[in-house]
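Below is one structure; the comments refer to it alone.
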Amino acid sequence: MKTISIIDAKNHVDEEVKIGVWLTNKRSSGKIAFLQLRDGSAFFQGVVVKSNVSEETFEMAKELHQESSLYVVGEIHEDKRSPFGYEIEVKSLELVGESQDYPITPKEHGTEFLMDHRHLWLRSTKPYAVMQIRNEIIRATYEFFNKEGFIKIDAPILTGSAPEGTTELFHTKYFDKDAYLSQSGQLYEEAGAMAFGKVFSFGPTFRAEKSKTRRHLIEFWMIEPEMAFMHQEQSLEVQEQYIAFLVQSVLDNCDYALDILERDKEVLKSYTKTPFPKISYDEAVELLQNSGEFPDTKWGDDFGSPEETYLAEHFSMPVFVLNYPKAIKPFYMKPHPTREDVVICADLLAPEGYGEIIGGSERETDLDNLTAQIKKAGLNEKDYEWYLDLRRYGSVPHSGFGLGLERATTWITGEEHIREAIPFPRLLNRIYP
Ligand code: ATP
Ligand code: MG
Ligand code: MG
Ligand code: MG
């Protein structure tokens, strides 16, 4: 008899198999017990018919507590009524680990309670589905960048200097020196691009964001591609192809998870159509001013969540907003060739209220301009000597971008809050569990 994962059920129909499971719920009558089970790969039902099993097995089925772990032996059958599509007709049960009174019952709980029990809550259907999709986005990311000829160059997590100001930095000690947790791997990816052409990093990112929004985590994961000999227009093409590829991969490989989340697949499908609409920052300001909803918007403002939501809703598609004011963007972005006041950059805003999922730009290539920008930003030139070397020795046009993994996951899964998109969220008031 084979031990299987239930996700492979379709290959074992009418066969007798053994599966290691946890009990999520049950109901029983005098003659039959329905066990709601999960084995980590999927959720399914076990049917225990009194007349087909030993008295001991039937008694056990009736007595089991929620989250007891057990081995079930039985025959796989199709079950058209369940979202998963298969069930097991139980022949015997073997208890592995008894469960005490499980704190998360099938009844409703508040968010704080669930987050306090995140280590257990992960076992429920919704976190299961979101984590499956998050995993698919990670898998598809590697596939996409590998097939496009990128190599993964890991940026350090501990850095000796602050890339973009200091307010959102986590400070720590590095023996007798100061160190900071990475806010972005970008500058290192630029070095990688000069060495290997097309590179990406995928690592943890830390920002001491003091704001409580549905979109900000303190610790999140970022994918940061950087491409040598590449101008912004080509980078935008890579970005839209990457996003379309992620959405298509989730549609192709996460049908069951999307069903659990009741995510509209037609809507998702519409996001695979490229090119994405593009508007300039100037046009975005005008749109907002004329909308009636944001009469106070001024040229020069950075957009907040409501503005970003409005702009993407206007197109019902991910939309690029190009060329933001220089004053609100970091020092390394390349100034526009004909406009002093804006830089060559773009944010990609997701529809349905999810806001910025990508920020990217063409980078300043000129040594003198970059040095001046570093000074103007109030940064210590000495910390950036290595970065300036990239301009001293064969500087080339290059562009790159950063995608927040959990932003993308929240959007693609259709979840309300970014805390759902990471296994153990770090939030303003949460570092437990
Ligand atoms: P925002 O304007 O939403 O605060 P940002 O402009 O500060 O984002 P970038 O520095 O451009 O963010 O980082 C690149 C990407 O990382 C963003 O487009 C977003 O997808 C993601 N990101 C940024 N901050 C966070 C955060 N606190 N939590 C989760 N993801 C984030
Ligand atoms: Mg921010
Ligand atoms: Mg932003
Ligand atoms: Mg940004």
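The values are calculated or read from the model by the stated rules, or taken from the named source; none is laboratory data. Predicted model, so just to flag it, every value in this text is computed and none were measured. When we count neighbours, we look across all protein chains shown, and the Cβ atoms used for this are built from the backbone with ideal geometry, even at glycine. For accessibility, only protein heavy atoms count, side chains too; no ligands or nucleic acids. Shrake-Rupley method; radii C 1.70, N 1.55, O 1.52, S 1.80 Å.
The one condition from (1) surrounded by 13 or more Cβ atoms within 10 Å (Cβ to Cβ); (2) within 19 Å of Q45 (Cβ to Cβ) that L120 does not meet is (2). One residue alone among T365, T410 is touching a Pro at 6+ places or on another chain (Cβ under 7 Å) and polar (S, T, N, Q), and that residue is T365.
Tallying residues that are loosely packed, with under 15 Cβ neighbours inside 10 Å and either without any contact (Cβ under 8 Å) to a residue 40 or more places away in the chain or under 12 Å from the mean Cα position of the chain (by Cα) (or both) within region 394-428 yields 2.
Which of the residues that make up region 11-21 are open to solvent by 70 Å² or more (accessible area, probe 1.4 Å) and touching a Gly at 6+ places or on another chain (Cβ under 8 Å)? Listed by number, the list holds a single entry, E16. Restricting attention to region 341-348, does a residue exist that is over 18 Å from L236 (Cβ atoms), open to solvent by 50 Å² or more (accessible area, probe 1.4 Å) and away from ligand 1 (no atom under 13 Å from the Cβ)? Yes: region 341-348 contains one or more residues that are over 18 Å from L236 (Cβ atoms), open to solvent by 50 Å² or more (accessible area, probe 1.4 Å) and away from ligand 1 (no atom under 13 Å from the Cβ). The single condition among (1) at negative phi; (2) open to solvent by 20 Å² or more (accessible area, probe 1.4 Å); (3) assigned to a loop (DSSP other than H, G, I, E, B) that G40 does not meet is (1).
Filter region 296-335 down to residues that are closer than 17 Å to Q232 by Cα and open to solvent by 50 Å² or more (accessible area, probe 1.4 Å), then give me how many there are.
Initial filter on region 296-335 (closer than 17 Å to Q232 by Cα): 319-326, 329-335.
Okay, now just the ones that are also open to solvent by 50 Å² or more (accessible area, probe 1.4 Å), so 326, 334.
Summing the residues that are closer than 17 Å to Q232 by Cα and open to solvent by 50 Å² or more (accessible area, probe 1.4 Å) in region 296-335 gives 2.
Restricting attention to region 301-308, does a residue exist that is of a type in the set (D, E, K, R), more than 30 Å from L251 (Cα to Cα) and within 16 Å of ligand 2 (Cβ to nearest atom)?
From region 301-308, those of a type in the set (D, E, K, R) are 301-302, 307-308; that's our starting set.
After this cut, where a residue has to be more than 30 Å from L251 (Cα to Cα) as well, the list is 301-302.
From what's left, within 16 Å of ligand 2 (Cβ to nearest atom): 301-302.
The answer is yes, given that some residue of region 301-308 is of a type in the set (D, E, K, R), more than 30 Å from L251 (Cα to Cα) and within 16 Å of ligand 2 (Cβ to nearest atom).
Scanning for something at pLDDT 95 or above, surrounded by fewer than 18 Cβ atoms within 10 Å (Cβ to Cβ) and under 28 Å from H119 (Cβ atoms), does region 47-58 turn up at least one residue? No.
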